[in-house]
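The values are calculated or read from the model by the stated rules, or taken from the named source; none is laboratory data. What you see is a predicted model; the values in this text were computed from it and never measured. With ideal geometry, Cβ positions are generated from the backbone for all residues, glycine too; neighbour counts draw on all protein chains shown.
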Amino acid sequence: MADLRVELLALEDCPHLEGARRDLEAVLRKGIIEVPIQLIFVTGPEDAEFLHFQGSPTIRINGDDVVPQPDLPVAMGCRIYRDAEGRMQGWPPIEAIRAAVDAHRRGRLESFQRDEAAKIAEFAREADAAEPSNIPNRVPPNG
C-alpha cells in the first residue's frame with residue numbers, strides 16, 4: 001500500500017481531532033496497513049481555501065474526502081457528520097473511513113490483476129509468434 005496517502009486535516013484546537021485520529025488508526029491497523037497519517041493543521045482562511053477545507057476534522061484518502069460533500073463551503077469551523085444510524089458526530093464515521101480504504105485496496109487489486117493479465121497475454125502473443133523451427137518436434141504417443 002505504498003501509494004496510499006492518508007491526510008487528517010484539522011484546526012489545531014479541534015475537539016474532535018483525537019476521535020478522528022483514533023478511528024482512522026483503528027481502520028488502518030485492522031487492515032494491517034502501515035502508512036503514515038499526514039496531520040495537516042489549517043491555520044487560516046488562506047490555508048482553508050487552498051486546501052478546499054470544508055471543516056474540522058476532514059479525512060482524505062489519496063486526496064478524496066471520505067465523506068464527500070461537494071456543496072459544502074470552505075470553512076474554518078467544526079464539521080458535522082452523520083453515522084450509519086443517522087446520529088450526528090464530530091468526525092467522519094468509521095464506516096466511511098473503512099469504505100474509503102477498502103475502495104483503495106480494491107482499486108490496487110484490480111490494477112494488479114489487469115497488469116498480470118496483460119503480461120500473460122503478451123507472453124501468449126510471443127509464443128504464438130515463435131517460428132515453428134523453434135518448437136521441438138513432438139512424437140505422437142504410440143507412434
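Among the criteria (1) touching a residue at least 24 places away in the same chain (Cβ under 8 Å); (2) surrounded by 13 or more Cβ atoms within 10 Å (Cβ to Cβ), the one T43 does not fulfil is (2).
On the basis of being in a helix (DSSP H, G or I), within 20 Å of K30 (Cβ to Cβ) and modelled with pLDDT of 95 or more, does I59 make the cut? So I59 does not fit the description; no.
Of the residues making up the stretch 10-33, none is in contact with a Gly (Cβ under 9 Å, 6 or more places away or on another chain), part of a loop (DSSP other than H, G, I, E, B), closer than 23 Å to H104 by Cα and not β-branched (V, I, T). When the residues of the stretch 62-101 are filtered to those that are of a type in the set (K, R) and outside any loop (DSSP other than H, G, I, E, B), which remaining residue is surrounded by the fewest Cβ atoms within 10 Å (Cβ to Cβ)? The extreme case among them is R82. Taken together, the residues in the stretch 29-76 that are small (G, A, S) and under 18 Å from the mean Cα position of the chain (by Cα) amount to 2.
Counting only residues that are closer than 13 Å to P57 by Cα and surrounded by 14 or more Cβ atoms within 10 Å (Cβ to Cβ), the stretch 10-38 holds 10 of them.
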